[in-house]
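Undergrad: I'd like to ask some things about the structure below.
Bear in mind that the values in this text are calculations on the coordinates, not laboratory data. Everything numeric in this text was worked out from a predicted model, so none of it was measured. Quick reminder, even Gly has a Cβ in these numbers, built from the backbone with ideal geometry, and neighbours come from all protein chains shown.
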Amino acid sequence: MTLRKLRKLVIIGDSAFAEIAYQYFVHDSAYEVVGFAVEAAYLKRTQLQGLPIVAFESLETSFPPDLHDVYVAIVYTQLNRLRTRLAKAAQQKGYKLASYISSSAFVWRNAQIGGHCFIFEDNTVQPFVRIDSNVVLWSGNHIGHHSHIKSNCFISSHVVISGYAIIGENCFLGVNSSVSNNVIIADDNWIGPNVLVSRDTQADQILRDDSPKPAGVSAKRFFKVKPI
């Protein structure tokens, strides 16, 4: 069945995620993708998927905000700060931020999903879950009942977040990581692949499967996070 296209969309970014987002928005949403944008310093080509790439700084000249929405297809660079900064900048230009929820995701009817989220296929979002804004759920995750994922997080694939868990802002959870019931992950945590988190964490930590203790360097310093 062909979906009726109700709004035009510009994707911010030209990386692999931007190409993937293009596929999902084109084939499984009510958005018509009409172009891409990157910051002028990173504008190295003029087309992607047969569509124009323009400088983000002058985006409104080519794609007026009254006729176009925006999705920022950036992964967890600078612990999600880059995606957050560009989304805020787009809003300041007058753009509405788009979201995508796969038709193959299971999202229970009373789950609360914030704006500018991207939820891939095979995610299970159980009752009473709250997901705040600017969150990416890559494919195949389990988001348990009454859990809360705060803003600007990136959850990779096959992650298990158990019931009543809380994931703080700006976090990254690696492939096959797990969070136990009632555990609080503090802000700015980088949880590596295969890590089981069974107790509360402190802010600005890196947890790896080969090290049961937080790394000696803070997460924000390691990822060179700059103030927005």
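Undergrad: Can you list the HN-Hα couplings for segment 189-203, worked out from phi with the Karplus curve (6.51, -1.76, 1.60; θ = phi - 60°), rounded to whole Hz and with x for Gly and Pro?
TA: Residue by residue, segment 189-203 yields 9, 10, 9, x, x, 6, 7, 9, 9, 10, 9, 4, 10, 9, 5 Hz.
Undergrad: Once phi is turned into ³J(HN,Hα) by the Karplus curve 6.51 cos²θ - 1.76 cosθ + 1.60 with θ = phi - 60°, what whole-Hz value does each residue of segment 80-87 show in order, with x for glycine and proline?
TA: Karplus-based 3J(HN,Hα) across segment 80-87 equals 6, 5, 5, 4, 5, 4, 5, 5 Hz.
Undergrad: What ranking do 84, 124, 61 get, fewest neighbouring Cβ atoms within 10 angstrom at the top?
TA: With the fewest neighbours first, 84, 124, 61 line up as 61, 124, 84.
Undergrad: Next question, about the same structure. So, in nm, how far is label residue 198 from label residue 44 when the simple model puts each one 7 Å beyond its Cα toward the Cβ?
TA: Spacing of the two 7 Å Cα→Cβ label points: 4.5 nm.
Undergrad: Along each of its three principal axes, how wide is the spread of alpha-carbon positions in segment 1-102, in whole angstrom units, largest first?
TA: Its Cα atoms span 40, 28, 25 Å along the three principal axes.
Undergrad: To the nearest 20 debye, what is the magnitude of the charge dipole of segment 7-98 about its Cα centre, counting +1 on the Cβ of each Lys and Arg and -1 on the Cβ of each Asp and Glu?
TA: That gives a dipole near 280 debye.
Undergrad: Using the basic label-point model (7 angstrom from Cα toward the beta carbon), what is the residue 85 to residue 226 distance in nanometres?
TA: 0.5
Undergrad: 222 nm [θ] for the chain, helices only, -39500 (n - 2.57) per DSSP H run of 4+, per residue, to 500?
TA: Values: 4 runs with 32 residues, N = 228.
Value at 222 nm, helices only: -4000 deg cm²/dmol.
Undergrad: Let me know the shape class of segment 51-128, please: from the alpha-carbon gyration tensor, a ≥ b ≥ c as square roots of the eigenvalues, rounded when a/c is under 1.5, otherwise prolate if a/b is greater than b/c, or oblate. Numbers along the way, then the final one.
TA: Working: a/c = 2.28, a/b = 1.92, b/c = 1.19.
In terms of gyration-tensor shape, prolate.
Undergrad: If one computes P(r) from the Cα atoms of the chain, what percent of pairs lie at distances over 31 Å?
TA: Working: 5757 of 25878 pairs.
Tail fraction, whole percent: 22.
Undergrad: P(r) for segment 177-216: what percent of alpha-carbon pairs falls in each 10 Å bin, starting at zero?
TA: Cα pair-distance distribution for segment 177-216, in percent: 34, 63, 3.
Undergrad: For residue 69, enumerate residues with amide H under 5 Å from its amide H, sequence gap 5+ or separate chain, H modeled in the peptide plane.
TA: Close amide H contacts, sequence-distant or interchain: 8, 9, 10.
Undergrad: Evaluate the relative contact order of segment 99-199 (contact order divided by residue number), counting alpha-carbon pairs under 8 angstrom at least 6 apart; express in whole percent.
TA: Values: 340 pairs, mean separation 17.8, N = 101.
Once divided by the residue count of segment 99-199, the mean separation gives 18 percent.
Undergrad: Please report the relative contact order for segment 7-98, taking Cα pairs under 8 Å with a sequence separation of at least 6, and give it as a percent rounded to a whole number.
TA: Working: 152 pairs, mean separation 28.6, N = 92.
The normalised contact order for segment 7-98 reaches 31 percent.
Undergrad: Another question about this same structure. Percent relative contact order of the chain, based on C-alpha pairs within less than 8 angstrom and at least six residues apart? Display every interim value, and only then the final one.
TA: Working: 612 pairs, mean separation 25.5, N = 228.
Averaging sequence separation for qualifying contacts and normalising by length gives 11 percent for the chain.
Undergrad: Using each residue's phi in segment 99-113, evaluate 6.51 cos²θ - 1.76 cosθ + 1.60 at θ = phi - 60° and report the 3J(HN,Hα) Karplus result to the nearest Hz, with x for Gly and Pro.
TA: Karplus values, whole Hz, x for Gly and Pro: 10, 9, 10, 4, 5, 9, 8, 9, 10, 5, 5, 9, 5, 9, 10.
Undergrad: Let me ask you something else. May I ask which residue of 25, 73, 10 lies farthest towards the positive end of the charge dipole of segment 7-98, with charges of +1 (Lys, Arg) and -1 (Asp, Glu) on Cβ and the Cα centre as origin?
TA: 73
Undergrad: Another question about this same structure. Express in whole angstrom the spacing between the alpha-carbon centres of segment 40-64 and segment 170-228.
TA: 35
Undergrad: Let me ask something additional. Using the Cα gyration tensor of segment 99-199, with a ≥ b ≥ c the square roots of its eigenvalues, what is the shape: rounded (a/c below 1.5), prolate (a/b larger than b/c) or oblate (neither)? Let's see the in-between values first.
TA: Working: a/c = 1.38, a/b = 1.34, b/c = 1.03.
Note, shape of segment 99-199 comes out rounded.
Undergrad: Something else now. Using amide H atoms built in the peptide plane, which far-off residues or other-chain residues are under 5 Å from residue 179 H to H?
TA: Close amide H contacts, sequence-distant or interchain: 160, 161, 162, 197.
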